[in-house]
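Student: To start, I am sharing the structure in question, which I have written as structure tokens.
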Amino acid sequence: MNALLISAVMGVLMMFSSFMLKSKSAVRNVALAGMFLILVANILDTYGWHLFNIPTEGMMHFDRFSLFFNSIAFACTFIFFLLSARDMEKVGINYAEYFSLIFFILCGIVLVASFQSLLILFLGIEIISIPLYILTGSDKRNLKSNEASLKYFLLGSFSTGIMLMGITLLYGHAGSFDITVLIKAGEKPSSLAIAGLLMLLFAMAFKVSAAPFHFWTPDVYDGAPTVFTSFMATIVKAAAFIGFMRLFSTAFYSLHDQWQMVIAIITALTLLIGNITAVFQQSIKRMLAYSSISQAGFMMLALFALNGTATEGLFLYVAAYSLATIGVFAVLIKMKDYTFEGFNGFARHHPFLAAVNTVFLLSLAGIPLTAGFLAKFYMLKAAVEAGGFLWLVIFAVLMAAVSVYYYFRVIQAMYFKEGDAPVSMEVSRPFQWVLGVLAFLIILLGVFPNALLYWFYF
Amino acid sequence: MSITQILFWVLTAMAIGSSLMMITRKNPVYSVLWLIMTFFAISGHYLLMNAQFLFIVNLIVYTGAIMVLFLYVLMLIDLRHDTEPRKNKWLKFAGAVAGGCLLLVIVAALKDSDIKSNVVQTGEGDIGLIANLGKALFNEYVVPFEISSILFLSAMVGAVVIGKKE
């Protein structure tokens, strides 16, 4: 509850700071301080220091699962602000309002991670989506950004409609929005409940961009300003996954046999489409959009398995994927040319940036000694433990091998090709330090995953 | 058949008929007018359930404010030319198949679901009265109610961000 209220207040505060503060660096510092405050408040909440005591009538439940994920998401957002907040200035004139919208999205993330009633889940998904439509279209003079925003808005509203229809059918079945009631009602499944479940499944699959509901992803991620793509593809997608996991591991757990096959098919399709299409991309930004689809396929394995390893693995995956992708995007924003050729000879001009970028890409590809490897390992282990679907595990390993190709193309361009890799803006020293810390974190998690997972239990 | 039942069937036929008319009209202005008709029929349903507050809000907000907004937007854009692009035949076919599948699933779901007989309280229920609605909203549902203010606030900020001149 701490984080929810403070991030809502921060959103309002940023609106005020847009006309109270004259300089942009002051606005940025307020946002950074606020983000830090939210992170600290959430950690205090985890260890029993509740700043607010609000009876939620059983609609929200702040357990370790939700609070731990909130901490990961807030820490990633803090790093994102440190790296890319300066680049938001270039998007448009409403600098403080962008921060305000991001703080509102964080409210939605808290709701999605800790809902106990389908009503709250719906509100959370909406609070995440609506500011995102606007952030996508915030580069108003760019036609591609406008198109992406409209497309995202139309498809997003449609999927929300399907979600509401599913919630309605579930309400008709159980007579309540409450998850505990749904669990009890799930013991005697009716076709009404199954239809509702499938609709919720499709709507959530749309939000996490799993195939065949992924068609919006490349256009929206490509069209949106790159800073906001970075936020959208990492923290928001992770939050949608946590909501997905929370919904299906509690409310629909008793119907696990009914939907496991559907999830397995969606997972395989997501892995196939994401990886194969990413191979053919010329623009790195678009390649990263498809790579986010394929990474979503791996995270779907946690939903498929639904056991202890899957929960731990999802946290590790979320952290590894978010940190690495934020890093890659932060470097990409500095480039003038977003194609693979734009990175030619990058290592000679910026050896440090090329080195950390290599660490991020290796982690995304899942090479040992990076966090990405262990995250993928946990996912596969969970799927094997769930049993029965060995073909899915083998297929996932094959697809991970395919993904190495397009991540290594960037590394190849940076190190083994001649060129001058035009950089569009100055690379400051603090920026490099933060990137270095990020790369260190990824290697640390790759060697000691318990550095993160320990905090889930203690 | 009691009066309530007759009214229910009339309103249902009206709602389904006018929504079908709405999606089949070529001219968007007619579509909007048929949509108003649909909203009227649905408001009538609320009244049958004795939900007077929902009835009046649905009437004022949807048929009043939102529909007028729609009509204004339609007047602002030029509709004299046939701007609607011709759709691919196969796309239409795929859409029909997908929609038909959804219809089948929902019919199958509703066919053998045992809806309890008194799910809908017609006439005598008083949960829809303003006093009771207010009590439920500010006791049991106060947290989601307050949280939805964040949603509206973010929509307002967004409108300013999109609408402000650069």
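The values are calculated or read from the model by the stated rules, or taken from the named source; none is laboratory data. Since we're looking at a predicted model, the values are computed, not measured. Please note: Cβ atoms are built from the backbone with ideal geometry, for glycine as well, and neighbour counts cover all protein chains shown.
Student: Scan region A:189-210 and give yes if some residue there is within 14 Å of chain B (Cβ to nearest Cβ), modelled with pLDDT under 85 and not in a helix (DSSP H, G or I), otherwise no.
Tutor: The answer is yes, given that some residue of region A:189-210 is within 14 Å of chain B (Cβ to nearest Cβ), modelled with pLDDT under 85 and not in a helix (DSSP H, G or I).
Student: Take the conditions part of a loop (DSSP other than H, G, I, E, B), polar (S, T, N, Q), closer than 23 Å to B:LYS165 by Cβ and facing chain B (nearest Cβ under 10 Å) and apply them to A:SER149. Does it pass?
Tutor: Taking the combined requirement at face value, the residue does not satisfy it.
Student: Which members of region A:405-424 meet the condition of being without any contact (Cβ under 8 Å) to a residue 60 or more places away in the chain and among the aliphatic types (A, V, I, L, M)?
Tutor: Scanning region A:405-424 gives a single hit, A:ILE411.
Student: What's the number of the only condition in (1) in contact (Cβ under 8 Å) with a residue 12 or more places away in the chain; (2) facing another protein chain (nearest Cβ under 10 Å); (3) closer than 30 Å to A:LEU101 by Cβ that A:THR136 fails to meet?
Tutor: Just one mismatch for A:THR136, condition (2).
Student: Any residue at all in region B:75-93 that's at pLDDT below 85, within 24 Å of the chain's Cα centre (by Cα), surrounded by 10 or more Cβ atoms within 10 Å (Cβ to Cβ) and among the aliphatic types (A, V, I, L, M)?
Tutor: Scanning region B:75-93 turns up at least one residue that is at pLDDT below 85, within 24 Å of the chain's Cα centre (by Cα), surrounded by 10 or more Cβ atoms within 10 Å (Cβ to Cβ) and among the aliphatic types (A, V, I, L, M).
Student: Spot the failing condition for B:PHE55; the list is (1) surrounded by fewer than 16 Cβ atoms within 10 Å (Cβ to Cβ); (2) in contact (Cβ under 8 Å) with a residue 12 or more places away in the chain, and only one is missed.
Tutor: With respect to (1) surrounded by fewer than 16 Cβ atoms within 10 Å (Cβ to Cβ); (2) in contact (Cβ under 8 Å) with a residue 12 or more places away in the chain, B:PHE55 is out only on (1).
Student: Sticking with this one: I'd like to verify a number: residues in region A:40-68 that are under 21 Å from the mean Cα position of the chain (by Cα) and at positive phi, how many?
Tutor: Residues meeting the conditions: 0.
Student: Taking region B:131-166, which residues are assigned to a loop (DSSP other than H, G, I, E, B) and of a type in the set (Lys, Arg)?
Tutor: Matches in region B:131-166: B:LYS164, B:LYS165.
Student: Would you check which residues across region A:377-392 are in contact with a helix residue (DSSP H, G or I) (Cβ under 7 Å, 6 or more places away or on another chain) and either modelled with pLDDT under 90 or under 17 Å from A:TYR405 (Cα atoms) (or both) and list them?
Tutor: Let us first name the residues in region A:377-392 that are in contact with a helix residue (DSSP H, G or I) (Cβ under 7 Å, 6 or more places away or on another chain), namely A:378-386, A:389, A:392.
Answer for region A:377-392, where residues must be in contact with a helix residue (DSSP H, G or I) (Cβ under 7 Å, 6 or more places away or on another chain) and either modelled with pLDDT under 90 or under 17 Å from A:TYR405 (Cα atoms) (or both): A:ALA386, A:PHE389.
Student: Among A:ALA224, A:ALA210, which is under 23 Å from A:LEU143 (Cβ atoms), crowded, with 24+ Cβ neighbours inside 10 Å and not charged (D, E, K, R)?
Tutor: After ruling out the rest, the residue left standing is A:ALA224.
Student: A further question on this structure: Return the residue satisfying two criteria in turn: it lies in region B:27-50 and is touching a residue at least 40 places away in the same chain (Cβ under 8 Å) and over 16 Å from the mean Cα position of the chain (by Cα), and of such residues it is surrounded by the fewest Cβ atoms within 10 Å (Cβ to Cβ).
Tutor: B:ASN27
Rundown of residues vs (1) hydrophobic (A, V, I, L, M, F, W, C); (2) surrounded by fewer than 24 Cβ atoms within 10 Å (Cβ to Cβ), yes/no style:
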| residue | (1), (2) |
| --- | --- |
| A:GLN116 | no, yes |
| A:GLU126 | no, yes |
| A:ASP139 | no, yes |
| A:MET165 | yes, yes |
| A:HIS173 | no, no |
| A:PHE177 | yes, yes |
| A:ALA185 | yes, yes |
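Student: Within region A:59-67, is there a residue that is more than 14 Å from chain B (Cβ to nearest Cβ), among the hydrophobic types (A, V, I, L, M, F, W, C), under 30 Å from B:VAL161 (Cα atoms) and surrounded by 20 or more Cβ atoms within 10 Å (Cβ to Cβ)?
Tutor: The answer is no; no qualifying residue exists.
Student: Going through region A:126-146 one residue at a time, which ones are of a type outside the set (A, V, I, L, M, F, W, C), under 22 Å from the mean Cα position of the chain (by Cα) and in a helix (DSSP H, G or I)?
Tutor: Let us first name the residues in region A:126-146 that are of a type outside the set (A, V, I, L, M, F, W, C), namely A:126, A:129, A:131, A:133, A:136-142, A:144-146.
Subset that is under 22 Å from the mean Cα position of the chain (by Cα): A:126, A:129, A:131, A:133, A:136-139, A:145.
A:GLU126, A:SER129, A:PRO131, A:TYR133, A:THR136, A:SER145 - these are the residues of region A:126-146 that are of a type outside the set (A, V, I, L, M, F, W, C), under 22 Å from the mean Cα position of the chain (by Cα) and in a helix (DSSP H, G or I).
Student: Next question. Looking only at residues that are of a type in the set (Asp, Glu) and more than 10 Å from every other protein chain (Cβ to nearest Cβ) in region A:84-108, which one is surrounded by the fewest Cβ atoms within 10 Å (Cβ to Cβ)?
Tutor: Step by step, filter region A:84-108, then rank; the result is A:GLU89.
Student: Evaluate the following for A:LYS22: is it out of contact with any helix residue (DSSP H, G or I) (no Cβ under 7 Å at 6 or more places or on another chain) and more than 14 Å from chain B (Cβ to nearest Cβ)?
Tutor: Criteria met by A:LYS22.
Student: Within region A:80-97, count every residue that is in contact (Cβ under 8 Å) with a residue 60 or more places away in the chain and not charged (D, E, K, R).
Tutor: Looking only at that region, the number is 9.
Student: Quick one: which residue in A:LEU314, A:LEU303, A:LEU362, A:LEU271 is out of contact with any Ser or Thr (no Cβ under 9 Å at 6 or more places or on another chain), touching a residue at least 40 places away in the same chain (Cβ under 8 Å) and either farther than 17 Å from A:PHE228 by Cα or of a type in the set (Val, Ile, Thr) (or both)?
Tutor: Of A:LEU314, A:LEU303, A:LEU362, A:LEU271, the one residue that is out of contact with any Ser or Thr (no Cβ under 9 Å at 6 or more places or on another chain), touching a residue at least 40 places away in the same chain (Cβ under 8 Å) and either farther than 17 Å from A:PHE228 by Cα or of a type in the set (Val, Ile, Thr) (or both) is A:LEU314.
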